[in-house]
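This report refers to the structure that appears directly beneath it.
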Amino acid sequence: MKARKKVVTAADVRLAKATGQSKPAKAKRTPTVRTIKSAIVPVDRSARSFSGRPRVETGSAAVADLGAPLAARPTLVEREALDRIDLSIELAPQRGLRLPNPIMVASGTFGYGVEYGEVVDVQRLGAICCKGTTLRPRAGNPPPRVTETPGGMLNSIGLQNPGVDAVIEKYGPVWQGWKVPVIVNVAGESIEDYVEVARRLDGVPGVAGIELNISCPNVGKGGLQFAIDRDAARAVTAAVRRATDLPLLVKLSPNVADVRPIAKAIEEAGADAITAINTLSGLAVSADRTRAFLGNTYGGLSGPAIKPVALRIVYEVAQVVSIPIVGIGGVTSLADVLDFMACGAVAVQVGTAIFADPELPVRLGDELRAECLRRGLSSCAPLVGTALPKRTGAPSAKGAEYRP
Amino acid sequence: MTMRLVSAELVESRQILPGQWIQSFHAPELATGSRAGQFVHVRTGDYSGLVLRRPFSINTADLVTGIVTLHFRTVGRGTEWLTRAREGDRLDMLGPLGRPFEVDPRSRHLLLIAGGLGMAGIRMLADEAVHDDRQVVVLFGAQSASHVYPSSLLPDEVEYVVATDDGSLGHHGFVTELVTEYEAWADQAFACGPHPMLKRLAALAAGRRDRLGVAKLGRKRGGGKVDPLGSTAARRKAFLQVSMEQTMGCAVGACLGCTVIGVDGPLRVCREGPVFAAEEIAWESIA
């Protein structure tokens, strides 16, 4: 009792202090900050003059990195300028899936959005793609299910999930209260499964869209067979399109020879956007080298190791489809985000990197905003597609040009 | 306490056994909020190569000084990187995570069983039990005398019994062979170590009542109410609780990577565990 009383009095004192002395304290603090600023600025300038500043890693520093000689934190003016930048993007122009910013979290790495709790402010994300959801509950693959590989990780979760009805019941009300759009990742064993899940999600408050997972490499049936075949991809996309009016994303697999016909087929079948890419099929060996390490033998490779593959596929797909592309694969920094955008992605998903740095997706949003301000852009649209080959006007009259 | 991201400053790093280290970190947020059995997820330095955090049991936590220690073995690049950390370095830790050991308030005699590095999993429970005036026996198994956890690192009040595979110190054989001598004395047992050891202990615990001839007389504890498997109340009543290990991704329950097979389906080591009542685990699935 005594201790509790003490705490109360201490809080009272603090409260009294805060209310009574707030004005003089403020007046004191402001000049101090200014002196520090002016002390830092010359150093900053000289450092930049010969080498340019190294890319900053942390969020607050990134926000401060506005090009102008400003230290520590953005002032009110810069903050207003930052707020004026419109990072929002439209992923489904016909149906409406507006994301507050282009940094999404990838399916399977963020659970249902609630797991990271107070560590991550989910409301500041562009969108959440929830764990792959199937019609019936799935127990997933035998353990072990994850292992680290150079610059990446292998996982073979095997779509463990409680089934679409349980997901709707448990998380729907939570998502409804969020302003961040939640996109439900949908998997299935047959076209009928996909259609039924989509039908049940249709009209559920809190579900902003569907991401069709036709590319999971870790399950026997219903995994890859839809993503590696153009006609199957077209059929499943079209069937889901008929079943629901929700914005529809389709997630491509990199485990194919040429992704472009598949992407085209998906676009023609009525998808609103394309997500590229899912994991690459891989394998790890146990420590004693007597068997495969993962319980499921094969796993999906993700992380920085697959970024070049993901960039290549985004680059290829961007040249054959006109619907928005969401880039995913090894995003760990603002530079990666800009790379994906340059290759034609309007948004990116962060996946594996969340495990090491849960705050990264939110921070990338801040960094992207600061980058736009630094470049004098009012939105991030001009960053998209800058690395794509320049379109020439009419086809060459000198003969057909063949590019494999 | 809920998990949080903590910047922990390395205060001391020392090698206590060949390849085994204890590192002390100043992290008051972790020290005050954590309980025995919980763990932290430590971010390694070089993200370009090592993309996952590393989970470690909280070895000890000192409320007064705010010092948390981790006990680990160098098994790969992540732990090797950790041994190269210097005093004053700040490490990014996510924690405390997972559910702790649940000690029945009526238990007076606690049997703690550790195999090798499993000591890291139960070490803090010894502190808590001693603090609560419970009697503690620690059974410890290792390959040989050179791998035996130093008794000086345990609280003085603890009875420490050692078994080695080669007989170079203490009992010659597995630590599980010592359990029968103590199972009548113990009110509850808590174990951490290799999965085969835990599997053997679970089998021993399942047959304990019959061996001891415990009669079920009078009212049942809790008036015959059956607590759901995995609930805190059910765990508190369980004779054996085990701390399990699994390769881990997110450590917050999002990725479903760290599962072990339970009797009712997959269980996440990071969320439902790492401590489980022995009855929750489908031991036949564990090699």
- Among B:L52, B:V11, B:A282 the positive-end extreme of the charge dipole of chain B (Cβ point charges): B:A282
- Provide the descending list of Cα extents for the stretch A:270-403 along its principal axes, expressed in whole angstroms. 60, 44, 27
- Item | By average C-beta atoms within 10 angstrom, highest first, the peptides A:177-190, B:247-260 | B:247-260, A:177-190
- Across peptide A:150-162, how many C-beta atoms of other chains are within 10 Å of each residue C-beta, on average? 4
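Quick one: putting +1 on the C-beta of Lys and Arg, -1 on the C-beta of Asp and Glu, what dipole do you get for chain B around its Cα centre, in Debye to the nearest 20? Please report the intermediate quantities before stating the final value.
Values: 31 positive and 32 negative charges, 173 e Å.
Dipole about the Cα centre, nearest 20: 840 debye.
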- Item | From phi via Karplus (6.51, -1.76, 1.60), per-residue ³J(HN,Hα) for the stretch B:276-287 in Hz, x at Gly/Pro | 10, 6, 4, 5, 6, 8, 7, 5, 5, 7, 9, 5
- Does any residue of the stretch B:1-15 lose at least 20 Å² of accessible area with all protein chains in place compared with its chain alone, and if so which ones (probe 1.4 Å)? B:T2, B:M3, B:L5
- Item | Cleavage-rule hits, GluC sites (Glu not before Pro), the stretch B:1-93, DSSP coil, Cβ neighbours within 10 Å at most 12 | B:E87
- On a 0 to 90° scale, report how tilted helix B:195-206 is relative to the longest principal axis of chain B, with both axes built from alpha carbons and the result rounded to the nearest 10. 20
- Item | Estimated dipole of the stretch B:4-97 in Debye, rounded to 20 [Cβ of Lys and Arg +1, of Asp and Glu -1, Cα centre] | 280
- Message: Are there any residues in the stretch A:79-115 with a reduction of at least 30 Å² in accessible surface when going from the isolated chain to the assembly of protein chains? Probe 1.4 Å, please list them by number.
- Response: A:E115
- List every residue whose amide H lies under 5 Å from the amide H of A:A347, counting only residues 5 or more places away in sequence or on a different chain, with H placed 1.01 Å from N in the peptide plane. A:I325, A:G327
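Return the tail of the calculated pair distribution for the stretch B:109-285, meaning the percent of Cα-Cα pairs more than 28 Å apart. Before the final figure, lay out each step's value.
Working: 3902 of 15576 pairs.
Value for the stretch B:109-285: 25 percent of Cα pairs lie more than 28 Å apart.
Given a Förster radius of 22 Å and the C-beta distance between A:T75 and A:S379 as r, what FRET efficiency does 1/(1 + (r/R0)^6) yield to the nearest 0.05? Before the final figure, lay out the partial values.
Details: r = 22 Å, r/R0 = 1.02.
Efficiency, from the Cβ-Cβ distance: 0.45.
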- Query: Going by alpha carbons, how many degrees (0 to 90, nearest 10) lie between the helix axis of B:119-131 and the longest principal axis of chain B?
  - Reply: 70
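Dividing the alpha-carbon Rg of the stretch B:4-97 by 2.2 N^0.38 Å yields what?
This ratio for the stretch B:4-97 stands at 0.98.
How crowded by other chains is A:300-310, given as the mean number of beta carbons from other chains within 10 Å of each beta carbon? Mind showing how you got there, number by number?
Numbers: counts 0, 0, 1, 6, 4, 3, 0, 0, 0, 0, 0.
If you average over the peptide's residues, the count of other-chain Cβ atoms is 1.
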- Message: Can you compute the charge dipole magnitude of the stretch A:88-157 about its Cα centre, using +1 on each Lys and Arg Cβ and -1 on each Asp and Glu Cβ, nothing else charged? Give it in debye, rounded to the nearest 20.
- Response: 360
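Send over a whole-number figure in Å² for the accessible area per residue of the stretch A:91-355, probe 1.4 Å.
Numbers: 8700 Å² over 265 residues.
Averaged over the residues of the stretch A:91-355, the accessible area is 33 Å².
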- Using only atoms on other chains, find how many Cβ atoms lie within 10 Å of each Cβ of peptide A:346-357 and report the average. 4
- A plus B alone minus the pair: what accessible area, both sides summed, probe 1.4 Å, in Å² to 100? 2500
- Task: Could you do me a favour and compute the accessible area per residue for chain B, 1.4 Å probe, result in Å²?
- Result: 42
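Tell me, what % of the accessible area of the stretch B:78-227 is carbon and sulfur with a 1.4 angstrom probe?
Numbers: 3600 of 7230 Å².
The nonpolar share, carbon plus sulfur, comes to 50 percent.
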- Dipole of chain B [Lys/Arg +1, Asp/Glu -1 at C-beta], most positive-end residue of B:P228, B:L112, B:L240: B:P228
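The values are calculated or read from the model by the stated rules, or taken from the named source; none is laboratory data. Treat the numbers as computed from the prediction; the structure is a model and nothing was measured. When we count neighbours, we look across all protein chains shown, and the Cβ atoms used for this are built from the backbone with ideal geometry, even at glycine. In case anyone asks, the SASA skips ligands and DNA or RNA and just uses the protein heavy atoms, side chains included. Shrake-Rupley method; radii C 1.70, N 1.55, O 1.52, S 1.80 Å.
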